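Below is one structure; the comments refer to it alone.
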Amino acid sequence: MDGLRRIDGLLLSAYCCVLFGVALWSGRPLTLHESVLPQSAREMLADGDWVVPKKGGTPWLESPPLPQWITVALATPFGRCDTEAIVRLGPALVGWAVVLLTAWMGALWYGRQTGLLAGLVMATTFQFTRYAWLAEDEIYLCGMITAVMAVFVKLEFDPRWQDQREVSSWKSGLIQSVTGRNRWVIAFFVLLGMTNLIKGLFFGAALCLAPIGLYLLGTQEPRHIARYTWVWGAAIFLTIMLAWPLAVLQRYPDALEVWFFDLGGRVSGEYKLINQPFWYYPVNLLWMIAPWTFVLPWSIVSTWRTAWEQRTSPERFLWVWGLGTIALLTIPGGKHHHYLLHALAPWALLSTRGLQHLWKTWPTWPAWAKQPAVGLATMALPIMVCLVTFGDKLPGPAGIRWALCLVVPLMVWTIGQSMVGRNPRQCVLVVSGWLLAGYVFGNWYSGAYFDKHRVDVAFLKTTRQIAAQKQLPLYVDLSRTPLSGFLDLFYQPDSTRAIHNASFLLTLPESSPSQILVLSRGMERDALGRWGQIRPLAKSAHSTTDYRGDATLTLYELQLHRSRPSIAAEEIRISPMQAMHRHPGPDLAPQRPSSIQQASAREDK
């Protein structure tokens, strides 16, 4: 069976370059969640601390730092880490790698054409494309898990890797030396350990080992299981997996509270913000794999018998990987749709088999059902009716709905014509071309008219200009919520400093200017006003958060009271839980002394 050729990799790479690269040159602002990785990477580049990611100088230990390391490595040649294009380069590259790995697996099992099609399907799966655009750590874990599974596929399904070092028994395999094992077995354990350097502890390893374990047990062949019962492999895995947590615990013994709170709370359901019912993942899978959801019936028809009857078939492995991940993620009370991102590869491969089965059975359809006019009536016409009826509610240029009314039938007609022509290459070219155009347009349109963070980011850029004009020190208030400050800091210059809350104004050295600028929320005005005369300079048009109270970003000018007490910053310890605002404090001035009140009153006069 022919595998992928170099030209296939180049074609997929060119496609990904345009599809994922749109996020680099679009200039779309970072979202609140998206700013966590870029800003913590930016601080890592600045302070050289490769162990502890930070937010405004405080420890941010929610996730391990491999995504930050990659971001810093990619940013180093540019000498900066403060633009959207630079911090989104890593996710685009990881997305490209996942597409190639998916294509390679498809080609190994089913041949070159299937592999090339699987790569295109993977690249255009909605949730995957979306995260390849975002500077978040989720796509990095998706890439690492896909790499682990690809190595497993090579070990189990590629006969070319096997040599004289194949494990023959449990006993010999358990204690076999490192030099006695094939390099792909070693790579499997190395990559498996590296999953623990990206997202919550043990999370990535569990998402790999659960489907792999289920598949191996289903083979009922001890020889397959014996490959992975290796004491040195376990040692490699544990060494890599535990290296970062142990390094962190040397400096922050109370980091365990963060990990038990976040991970333990999600498993037990005590972290109630993300609790969902048991049917959450099957329902969300339907829109996550769009636009390929419609081929699921053909995927089932074309693969279920082989998956059921052949214990070591690729079809069984794909279904175990896809459904096993859903089953595992359904057990905890805490659920989020992006957890399924890490198991979209099997659904892309199953969708590819469904598309091929649909194409194979297409000639047997009734002649009337294959006419492009049917597609116009059943798909294009309903969309056009909705655009005409409700299109005036669409933001953007006045003619956007009429332009879409022209594009939609053209798209449906050309796809229908390519299917009637029975030319598979032409059909793939037409469909992939329309999907590429749709995603590029969607990225621009949603960013220009639906992105709720664009107003705040525009204000943050204005704040930077005001601070430069006034030539006053700028401080960012990190109080209130776990993610407070990441986005605010990212769009400010390197000279900007952070304060954990308003009381940390007391840590400003006496030599610092008495007049400063503070970027905070409207609700923090009274807290900041305790330490000086305060005057709002600018305010964002609206709040993009759901905090209680006035959460609108506001730039304050603060004339500090000369009589305020001074506290040495090095004497203050902010715990990991406090840095994430899981625990209150520290508050450096829980009660304002009456003498300070009187002095401040005199200054106010």
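Quick look at the numbers
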quantity	calculated
Residues 335, 370, sorted so that the one with the fewest Cβ neighbours within 10 Å comes first	370, 335
For 571, 257, order by how many other beta-carbon atoms lie within 10 Å, fewest first	571, 257
Highest average packing first - 202-208, 459-465, Cβ atoms within 10 Å	202-208, 459-465
C-alpha center-to-center spacing [the stretch 256-306, the stretch 332-350] in angstrom	5 Å
Label-to-label distance, nm, for residues given as residue 407 and residue 312 (7 Å Cα→Cβ offset)	5.0 nm
Sites residue 51 and residue 290 - FRET efficiency at Förster radius 25 Å, r taken between beta-carbons, to 0.05	0.05
Cβ-based charge dipole, the chain, positive-most Cα from 396, 52, 560	396
For 393, 55, order by how many other beta-carbon atoms lie within 10 Å, fewest first	393, 55
Mean separation of Cα contacts under 8 Å, 6 or more apart, over the residue count of the chain: relative contact order %	15 percent
Net length gained if the chain between residue 365 and residue 238 were fully extended (0.36 nm per residue, minus Cα distance)	40.2 nm
Cα centroid separation, the stretch 181-230 to the stretch 74-130 (Å)	23 Å
Virtual spin-label span in nm between residue 331 and residue 76, 7 Å along Cα→Cβ	3.9 nm
Rounded to the nearest 20 debye, dipole of the stretch 454-604 from Cβ charges on Lys, Arg, Asp, Glu	220 debye
Mean-position separation - Cα centroids, the stretch 524-543 and the stretch 402-462, in angstrom	43 Å
Structure-derived Rg and Dmax of the Cα atoms in Å - corresponding label in (i) 45.8, 137; (ii) 27.6, 91; (iii) 24.5, 81	(ii)
Stretchable slack from residue 466 to residue 273, in nm (0.36 nm times residue separation minus alpha-carbon distance)	65.8 nm
Difference of contour (0.36 nm per residue) and Cα-Cα distance, residue 510 to residue 223	96.2 nm
Signed unit charges on C-beta, dipole axis of the chain, positive-most listed residue 106, 414, 249	414
Mean Kyte hydropathy of -0.5 or more with a Cα span along the axis of at least 18 Å, helices from DSSP in the chain	6-25, 84-110, 138-157, 203-219, 231-251, 296-309, 314-330, 344-361, 400-420, 424-449, 454-470
Residue (of 551, 489, 501) at the positive-pole extreme of the stretch 454-604, dipole from beta-carbon charges	551
Label-point gap, in nm, between residue 437 and residue 10 - each point 7 angstrom along Cα→Cβ	2.6 nm
Charge tally in the Cβ shell below 14 Å around residue 425, where Lys, Arg are +1 and Asp, Glu are -1, residue 425 excluded	+1
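We did not get these values from a lab; they are worked out from the coordinates using the rules stated. The structure presented is a predicted model; accordingly, all values stated were derived computationally and were not measured. Neighbour counts run over all protein chains shown; Cβ positions are idealised from the backbone, glycine included.
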